[in-house]
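The structure appears right after this line, and notes come after that.
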Amino acid sequence: MRHLHQQLNEHAAVAAVDPRIRLLAAGLLLTLVISSHGSAFPGQVAGICLPVALIAGMQPRLLLLRLLHPLFIAAVILTLKTFLGAGESVELVRMGTLSLSGRLEGLHEGLLISSRILGAVSVAVLLSQVMSFTETMAALAWMRVPRGLVDVSLFAWRSLFMLYDDAGVVYTAQKNRLGYCGMRRGLKSFGAMAGMLIIRAFDSSQSMTVAMSQRGYDGSLPLLRASRLGRVQLAGLSAFAILATVAWKLQN
């Protein structure tokens, strides 16, 4: 949660690209990665996006934390596909009298799925580094994404910080009163804190709805409505799309 309060550190080259262009380029890469029939193209995408995220200012520790869960899921899928997947069983590794058998076809399928996961996650990680949440929502609103989705995302993003602050206050008060001394008392204190946060979430949502309605909010996000994409931006997006599609075609 502490990473949510960090300010976005953009380079001049990144800031010069329109947020809509960044989002469209990321969507194109995600589509190509998911539709790839081989593991080479997703691996190339991951090999480019992850170093670029580090250059853009992401800390290596934060990058590792964001990749930890997807890598674990990919490892589980690869293991299950290798030993429980389809295909004929073959000997994979032999060490003296011990041997490890698996299914070759399942291994290939597991590698393909794992590479897709790594490639898609690397694109999402880079996008989260070069775009703020407000820019992402503004670009989605410009693309005529359903208004309800944008509204819920914006309100959830704002409420996330409010609940985080409230949880910190309640946790500190409970800890000062020895509310977490022992497993039983800790679970009881955690349950009380969770109940208080749920009640505060409902109260704050009602207050927020009334406040936004009284201020004339109609559900629209006009940040990029009057801004037109320049020819240079569109030409850059077209060149990127052509290069990415050619690389995808060569690997498939």
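The values are calculated or read from the model by the stated rules, or taken from the named source; none is laboratory data. Quick caveat, the model's predicted, so the values are computed rather than measured. Backbone-built Cβ (ideal geometry, glycine too); neighbour counts: all protein chains shown. Note: areas computed on protein heavy atoms with side chains; ligands, DNA, RNA excluded. Shrake-Rupley method; radii C 1.70, N 1.55, O 1.52, S 1.80 Å.
Observations
- Per residue of the chain, the DSSP helices (runs of n ≥ 4 H) give a summed -39500 (n - 2.57) that works out to -24500 deg cm²/dmol at 222 nm.
- Long hydrophobic helices in the chain, taken as whole DSSP H segments with a C-alpha length of 27 Å or more on their own axis and mean Kyte-Doolittle hydropathy at least -0.5: 60-84, 104-130, 147-176, 183-214, 231-251.
- Normalised alpha carbon radius of gyration of the chain [divisor 2.2 N^0.38 Å]: 1.31
- Of 100, 64, 234, the residue with the greatest mean-square motion in the GNM of the chain, using alpha carbon springs below 10 Å, is 100.
- Projected onto planes of every orientation and averaged, the convex hull of the alpha-carbon atoms in the range 107-199 covers 10.4 nm².
- Total formal charge among the other residues, if their Cβ is under 15 angstrom from that of residue 84, Lys/Arg +1 and Asp/Glu -1: -1
- Area accessible to solvent at residue 180, 1.4 Å probe radius, in Å²: 70 Å²
- You can think of it this way: the chain between residue 213 and residue 173 has 11.0 nm of extra reach, that is 0.36 nm per residue less the Cα-Cα gap.
- Kirkwood-type hydrodynamic radius, the range 158-252: 18.6 Å, calculated from all non-identical alpha-carbon pairs.
- In Å, descending, principal axis extents of the Cα set of the range 16-109: 61, 30, 18
- Using a cutoff of 8 angstrom between alpha carbon atoms and counting only pairs six or more residues apart, the relative contact order for the chain works out to 27 percent.
- Where the chain is the region considered: accessible area per residue in Å², 1.4 Å probe: 64 Å²
- List 160, 80, 243, ordered by accessible area with a 1.4 Å probe, largest first: 243, 80, 160
- Choice from 144, 231, 94 showing the highest fluctuation, given a GNM over the chain with Cα pairs closer than 10 Å: 94
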